[in-house]
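Structure record follows, encoded as structure tokens.
FYI, it's all coordinate maths here, none of it is from the lab. Computed from a prediction, not measured in an experiment: that's the story for all the values here. Every residue, glycine as well, gets a Cβ built from its backbone with ideal geometry; the counts of neighbours run over all protein chains shown.
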């Protein structure tokens, strides 16, 4: 009988992908011994506005995660995690999420159903208020399906990166050389974001 693969999932708008996302991907792959890591670029995120077309964000994600051996980058047509997980229909995958996103987990569509479909790997870094993470955990019926693990700290957001590009700053230290070059070549984020 073939061994069951351990599959991880990391979803996001990736507008643009940055070193914080990479830290979650690498940390999660190591912590959970992932055989595959599905990077899901959400075509139309239900929870946030995006400035860049899905195909461009997909291309950026492909170059950003190229160094993660387990990574498989694809477009996700679902805007809600629960719908995406139901469509993927995987055997107990690990859904990776940053602690800053996890604090709003209870506002997601069917959070308990998400935990039935996937274990959660919650990546924490210094500076994240762990009491907020604990508050969410305390309200979950399937708390044992959540694993909190530390990652290399990168206190950056895609919004800050877009604003930095618009202001003419070099974002290589935030996104890596390849993604920074793609942003330059495509002329992305040259107008300051309205959000």
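Taking every alpha-carbon pair under 8 Å whose residues sit at least 6 apart, the chain reaches a relative contact order of 24 percent.
Normalised by 2.2 N^0.38 Å, where N counts its residues, the alpha-carbon radius of gyration of the chain equals 1.00. Size estimate for the stretch 84-195 follows the Kirkwood approach: the inverse of mean 1/r over distinct Cα pairs works out to 16.3 Å.
For the chain, the 222 nm mean residue ellipticity estimated from helices alone, with every DSSP H stretch of n ≥ 4 adding -39500 (n - 2.57) and the total spread over all residues, rounds to -10500 deg cm²/dmol.
Shape analysis of the stretch 102-153 yields a ratio of the Cα radius of gyration to the Kirkwood radius, Rg/Rh, of 0.95. For the peptides 109-118, 16-25, the ranking by mean Cβ contacts within 10 Å, running from highest to lowest, is 16-25, 109-118. For the stretch 149-195, a/c is not less than 1.5, where a ≥ b ≥ c are the root eigenvalues of the C-alpha gyration tensor, and a/b does not top b/c. That puts it in the oblate class. By DSSP, the beta bridges lying fully in the chain are antiparallel in about 0 percent of cases. Please check: in the Gaussian network model of the chain (C-alpha springs, under 10 Å), which one of 81, 147, 124 has the largest mean-square fluctuation. Residue with maximal mean-square fluctuation among 81, 147, 124: 147. Taking a ≥ b ≥ c as the square roots of the eigenvalues of the Cα gyration tensor, the stretch 18-84 is prolate, since a/c reaches 1.5 or more and a/b is larger than b/c. The stretch 1-44 and the stretch 135-195 have their alpha-carbon centroids 15 Å apart. When its C-alpha radius of gyration is set against 2.2 N^0.38 Å (N residues), the stretch 7-56 gives a value of 1.22. Between the Cα long axis of helix 19-32 and the first principal axis of the chain there is an angle of about 20°, rounded to the nearest 10. The C-alpha atoms of the chain define a longest principal axis, and helix 54-64 lies at about 80 degrees to it.
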